[in-house]
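Each value in this text was obtained by applying a stated rule to the coordinates, not by laboratory testing. Worth saying up front: this structure is predicted, and the values here are computed from it rather than measured. Glycine gets a Cβ as well: all are built from the backbone with ideal geometry, and neighbour counts include every protein chain shown.
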Amino acid sequence: MAAIHFLVFVALTVLSLSLLLPVARANSEGDALYALRRSLSDPDKVLQSWDPNLVNPCTWFHVTCNQDNCVTRVVLSDACKSHTYHGYHLARDLGNSNLSGHLVPELGKLEHLQYLELYKNKIQGSIPVELGNLKSLISLDLYNNNISGRIPPSLGNLKSLVFLRLNDNQLNGPIPKSLASISTLKVVDVSNNNLCGPIPTTGSFEHIPLNNFENNPRLEGPELQGLASYDTNCS
């Protein structure tokens, strides 16, 4: 009889843990998103539904989760449309967010995130190196903001990335060569910044059109393999 009671106890313990783990994960992701909310000025109250007292962030506006209640999409942009690019569904669901402030390193904890779209706002500061932890990320759209600093080389760890649009910001420094190793990368746009150094021409950058790099006065043109040092005159 004691053995039966022990087995029942073990079974109930395992069941309890299986129920609690998704809640704990959802709370962790909610904490990460709430850290973003706290860092942003939101005069139009588009983030009003981001309530940290809820069980998970899957009921928040502009947040999408999968069937396991893991956050897969955060869309805070000024466009209201939905379209498809080479089989990838790209949703846009928010009009003129008018958000300012800065990005937070806690975003790197959203391990199932596939779409981070915060374009056409007034976001300042740098791109957190922790975004390189988002191994499931397909689309990183931060264009048309006031983001400064360097493009983190850690973004080269995003081996599922297809879309990288950082244009129309105030980014400086070189284009990280690590980005060229992302075999899935199809769209790169870093135009209208203050980047410097040569433009990578290998790997995924081989077919990126040059006009996606225009209006960076300090860029030195396409990288000449074996003839030019990658970091020449770039700081």
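Over the range 158-205, all Cα pairs binned in 10 Å intervals from 0 give whole-percent P(r) values of 28, 56, 17, listed from short to long.
Here's the list of lysines a cross-link from residue 177 could span, going by alpha-carbon distance under 21 Å and ignoring same-chain residues fewer than 8 apart: 135, 159, 186. Plainly put, the range 91-211 has a radius of gyration that is 0.93 times its Kirkwood radius, both from alpha-carbon atoms, as the Rg/Rh ratio.
At full extension, residue 102 and residue 170 could sit 23.1 nm farther apart than now, given 0.36 nm per residue minus the alpha carbon distance. Spacing of the modelled spin labels on residue 122 and residue 38, each 7 Å from Cα toward Cβ, amounts to 2.3 nm.
From a point 7 Å beyond the Cα of residue 220 in the direction of its Cβ, which residues of the range 167-183 have a backbone N at a distance under 17 Å? Zone members listed by number: 172-178.
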